[in-house]
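The values are calculated or read from the model by the stated rules, or taken from the named source; none is laboratory data. As the structure is a prediction and not an experimental result, all values here were calculated from the model. Every residue, glycine as well, gets a Cβ built from its backbone with ideal geometry; the counts of neighbours run over all protein chains shown.
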Amino acid sequence: MTMQDIQLPKIFRWVLQRLSVYEYEFSIIGDFETEYAEIRRNSGSLVAFLWLFWSTIQVVYYYSSLSTYWSIVMLKNYLKVALRTLQRNKLFSIINITGLAIGLTCVVLLVLWIQDEVSYDQFHKDIDRIYLTAAHVKKSHVEYIDPSSVPGVGPLLEEVFPEIEESSRFLYGARTYVFRYGDKTFTENRVYHGDPEALTLLTFPLIMGNPETALQDYNSIVISERIAKKYFGNEDPLGKIITLNDEYPMTVTGVMKEIPANSTFRFDILTPLEFHADLTGQNLDSLTNENYFVFVRLQANVSVTALNDKIRTFYADRLGSEEYVPVLRPFARFHLHSLDEGGGSIIQVRMVGFMAAFILLIACINFMNLTTARSGKRTKEIGMRKVIGAFRKDIVKQFYFETVLMVVIATVTAAILARLLLPIFNRLFLKQLTLNIQQNPTPLWILLTAGFVTVLLAGSYPALVMSSFLPIRVIKGLSGTAFKRTVFRKILVVVQFTLAIGLIAGAGGVYNQLTYLQNMDLGYSMDNILYFSNRGELKGRYETVKNEFLGVPGIEKVTTSANYFPFSRSTDSTWHWEGKDPTFKPSITWLAVDSDFLDTFDIKLLNGDPLWPRDDFTGTTDRILINKKLAGIIGRKDVIGTRLSYSGRNYKVVGVVEDIIPNPKWRVDEPLVFLQNPQRYNFVYVKIRSDDMMKILAGIRQIFERVNPSFPFEYEFMDDDYREQFNFVRRTRALIAYSALFAVFVSCLGLFGLAAFNTELRTKEVGIRKVLGSSVSRIVLLLSRELILLVLLANVIAWPVTWYLVTKWEKDFLHQAPVNLWIFPAAGALAFVVAMLTVGYQSAKAAAANPIKSLRYE
Amino acid sequence: MYELTRNEELILLSIWKLKGNAYGVTIRNNFKTVTGKALNYGSLYNTLYRLAQRGFVTTNESAPLSRQGGRRKILYALTSLGEKALAEAQKIQRLAWGEIPDLPG
């Protein structure tokens, strides 16, 4: 065996080669091979291998101490050069770093928002086994799924289906009561009623008290920490008695932690459902009163699809009901997914997600463009470094280092900005978001990943391509790849502007649709109408009090109805009229109203007489009004005078009113009957003038409190209620609009930088052209033509794509706004004008400069 | 003053002793014969690196040898500065140990 044959095992050779200083200065592999061969000859291959293994580890360890020293020296140099480069090109540095920082800030805030939306209700224990029992209502003319259902369904399902572990009910919506403790009296409007199991099925954690038994007692009450503080200060609240509505003593049996903001149900006080049922005379086994949230928890590993099928079969076979079938929907999806599983707010959340991704992309492209453009000016430096003795590797390191430095500055700025803007963001979008890395590291990860990707994308071109330049060429000033580079950059500019224009146009389309939904003509107006319950003394003396109200200056109309218009309704399918096919059973909604109802709500009477003859205030008559839809269903030419019967009573149609959309949530018009029934008027509506509202409200309060001294005067504005339904939509709309604006802003920052750079490169050319007699306008045109063309191209690409996406998105809505075609040219024009301004400014500055200055510039 | 650590001193001495044949393997062997301890390559190289930086040793690349599988060998030699440093170390050694008799043990 000759010496040449003994080589180090490959892996060790590879490791030792990495130790470049050792290899270069001391030829480490040679030394190792000699010694390895000797040991192998003397002591055998095993000992040699062990020696090699151990020595390599040692050597690597020692090398690290040497190279750390070495790289710190170089790092200092890189840092110095990087800071000088940043300083020399202040404008570029600022544009570049701010662009990325703003982009990242937007992304962090949007991600926080999305996280919050997605985290709704997820804090409940076993959330994946908790289901809401919704009501699948299927009638002849309408089919929908309602979250509220009948109270009897919970116990019924629990008894019939062993898959259901536990069930619990809440009363739909919050109630308002007056509470008194000692001499303290407060009105609380976030009071819920729930079954005793409510606190074990859903996990609203108790600080004091036992969740298993807290609501067991008929007169028990569970309060939040804040309420406990308000009533009892530092006293122990457990066992204390507070009085509800000055009548019912309730014993505090538990204190809850404040319910977090990302909970669908948020209440301050929880009292037993049974108490409410007795108070209002409801039957909790009822299978008709759709006014409850019914929750169930399934056994582990139960297929909910199969269970839903079983429930449907059970209802059809045993109860003969197909119109109303309970259907289980996962509570975890309640906040974002609509119950018919056709979309819901999740669409908006996804859209915000896309926004965030696009903004990140735009900001990265920006950064990439500017970094690569600027690095083109540093070919000579690279040449010099190479001549002095830098390896390619060193140049690569240097450029990566510079990019890392800028990205780090931008990332830190973004983190600080996000922190500072968070309170404003929270106020704008009604959130309680916090930026806490320990609790929620996701934003940090996003920043780090985005930073890393940006470094990789933006740093790689200068680091990898430019480091390969031959020193002789670049020092002579021949950077041969300039042309290829600009093509790449042009593509990026087009991509960036396509995204920006798409975002503006898309946001425009979304805005348009959401505004359309909000402003849709419902067939009635709720402006400046406030309402309150018709209860206590008021109920018996309504007619008198109404006239007193009308005496208050500023009050225009007062009216009343049985159900809370327009959200609540009574519906039945046993209405009958002459000539009706007896098997045809449309469900018809009716509402008992008084004489001023149509005027107050601006509901149009199409033909016929008003519901009440002007001189008749005596009460129930058989006159009714029907809407156009019902008139169509009855299908007679002259529907006035038709006789309808329902529940043993006969009615005569005296007029036809315009269709209205009674429940804006379902947005379908139903057949509707307005009738009179003075015994059932439960709500009073007052239409007031919008000026001097305080004085008018004081007037109403005075009358109310005199008539009804035992009830607090509590009212709501109807349009507030209505708007509440659209709050989420409205806020998302604003979020999308803001995001689009930021996207455009960041794009324009980038364009501004590129324009400035291009102009700078051509300073000399501009000087020569001017000396040879070119005019300023021609030069501006010359300089801006290219970028402007790119922006135009971006328009051409963005329009059809956005149009397609917006129309596709709108398909998810029941009522679609016509797509406003002008948003496309508008978005294009906006991008174009801003681009023109930024580019034009730079070119004009260059063109107007004295050619002597530019020609002397070397 | 050319202060040397113990290792630096011993390595410089090895190079001096090995004349033209001082490279990694031989220096290490020499170190082992003198002290009885093996010097790992890492600390050998790092010391050599420092010595080269201070101008005490120079390196020469040998012609590729068949013995090392066609690899070059890096040979070290003392510079005049290196010799001065050794001389100084010797002087200190003499002064420090001069009047002390051979110690038992």
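Report the residue count in segment B:84-99 for those that are free of Cβ contacts under 8 Å to residues at least 24 places away in the same chain, part of a helix (DSSP H, G or I) and not β-branched (Val, Ile, Thr). Reasoning before the result, please.
Quick first cut of segment B:84-99, residues free of Cβ contacts under 8 Å to residues at least 24 places away in the same chain only: B:87, B:90-99.
Among the residues that remain, those that are also part of a helix (DSSP H, G or I) are: B:87, B:90-97.
Pick out the ones that are also not β-branched (Val, Ile, Thr) and you get B:87, B:90-91, B:93-97.
Residues meeting the conditions: 8.
Scan A:Phe728, A:Phe704, A:Phe713, A:Phe742 and give me the residue that is more than 23 Å from A:Val487 (Cα to Cα) and outside any helix (DSSP H, G or I). Before you say what the answer is, go through the steps one by one.
Numbers: A:Phe728 fails: outside any helix (DSSP H, G or I); A:Phe704 fails: outside any helix (DSSP H, G or I); A:Phe742 fails: outside any helix (DSSP H, G or I).
From the options A:Phe728, A:Phe704, A:Phe713, A:Phe742, the qualifying one is A:Phe713.
Could you tell me whether any residue of segment A:70-84 is surrounded by 15 or more Cβ atoms within 10 Å (Cβ to Cβ), farther than 18 Å from B:Val25 by Cβ and among the aromatic types (Phe, Trp, Tyr)?
Yes, there is a match, as at least one residue in segment A:70-84 is surrounded by 15 or more Cβ atoms within 10 Å (Cβ to Cβ), farther than 18 Å from B:Val25 by Cβ and among the aromatic types (Phe, Trp, Tyr).
Results for (1) surrounded by fewer than 17 Cβ atoms within 10 Å (Cβ to Cβ); (2) outside the structural domain of A:Ile504 (by TED's automatic domain parsing), shown as yes or no for each residue.
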| site | (1), (2) |
| --- | --- |
| A:Lys310 | yes, yes |
| A:Phe314 | no, yes |
| A:Glu322 | yes, yes |
| A:Pro326 | no, yes |
| A:Ile382 | no, no |
| A:Phe399 | no, no |
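Would you check if A:Leu284 is under 30 Å from A:Asn682 (Cβ atoms) and either surrounded by fewer than 18 Cβ atoms within 10 Å (Cβ to Cβ) or modelled with pLDDT of 80 or more (or both)? Explain how you work it out, then say what you get.
Working: under 30 Å from A:Asn682 (Cβ atoms): yes; either surrounded by fewer than 18 Cβ atoms within 10 Å (Cβ to Cβ) or modelled with pLDDT of 80 or more (or both): yes.
It is true that A:Leu284 is under 30 Å from A:Asn682 (Cβ atoms) and either surrounded by fewer than 18 Cβ atoms within 10 Å (Cβ to Cβ) or modelled with pLDDT of 80 or more (or both).
So which residues in segment A:10-62 are surrounded by 15 or more Cβ atoms within 10 Å (Cβ to Cβ) and hydroxyl-bearing (Ser, Thr, Tyr), if there are any at all?
Of everything in segment A:10-62, those that are surrounded by 15 or more Cβ atoms within 10 Å (Cβ to Cβ) and hydroxyl-bearing (Ser, Thr, Tyr) turn out to be A:Tyr22, A:Ser27, A:Thr34, A:Tyr36, A:Ser55, A:Thr56, A:Tyr62.
Of the residues that make up segment A:689-699, is at least one modelled with pLDDT of 75 or more, among the β-branched types (Val, Ile, Thr) and assigned by TED's automatic domain parsing to the domain that holds A:Gly536?
yes
Tally up the residues in segment A:232-273 that are over 37 Å from the mean Cα position of the chain (by Cα) and assigned to a loop (DSSP other than H, G, I, E, B), please.
Residues flagged as over 37 Å from the mean Cα position of the chain (by Cα) and assigned to a loop (DSSP other than H, G, I, E, B) within segment A:232-273 amount to 11.
Mind checking which pairs have a first residue in segment B:44-55 that is within 7 Å of another protein chain (Cβ to nearest Cβ) and closer than 15 Å to B:Tyr2 by Cα and a second that is in a helix (DSSP H, G or I) and not small (Gly, Ala, Ser), Cβ under 6 Å, 6 or more apart or different chains?
none
Whether any residue in segment A:215-223 is loosely packed, with under 14 Cβ neighbours inside 10 Å and in a loop (DSSP other than H, G, I, E, B) is what I want to check.
Let us first name the residues in segment A:215-223 that are loosely packed, with under 14 Cβ neighbours inside 10 Å, namely A:216, A:218.
Within this subset, residues satisfying the condition of being in a loop (DSSP other than H, G, I, E, B) are A:216, A:218.
Scanning segment A:215-223, I find at least one residue that is loosely packed, with under 14 Cβ neighbours inside 10 Å and in a loop (DSSP other than H, G, I, E, B), so the answer is yes.
Taking the residues in segment B:45-63 that are of a type in the set (Ser, Thr, Tyr) and under 15 Å from B:Ser14 (Cα atoms) as candidates, determine which candidate is modelled with the lowest pLDDT.
Let us first name the residues in segment B:45-63 that are of a type in the set (Ser, Thr, Tyr), namely B:45, B:47, B:49, B:58-59, B:62.
The next check asks that each one be under 15 Å from B:Ser14 (Cα atoms); those that pass are B:45, B:47, B:58-59.
Details: B:Tyr45: 84, B:Thr47: 85, B:Thr58: 85, B:Thr59: 81.
The residue in question is B:Thr59.
Mind listing whichever residues of segment B:30-43 are more than 7 Å from every other protein chain (Cβ to nearest Cβ) and not in a helix (DSSP H, G or I)? Before you say what the answer is, go through the steps one by one.
From segment B:30-43, those more than 7 Å from every other protein chain (Cβ to nearest Cβ) are B:30-39; that's our starting set.
B:Gly36, B:Lys37, B:Ala38, B:Leu39 - these are the residues of segment B:30-43 that are more than 7 Å from every other protein chain (Cβ to nearest Cβ) and not in a helix (DSSP H, G or I).
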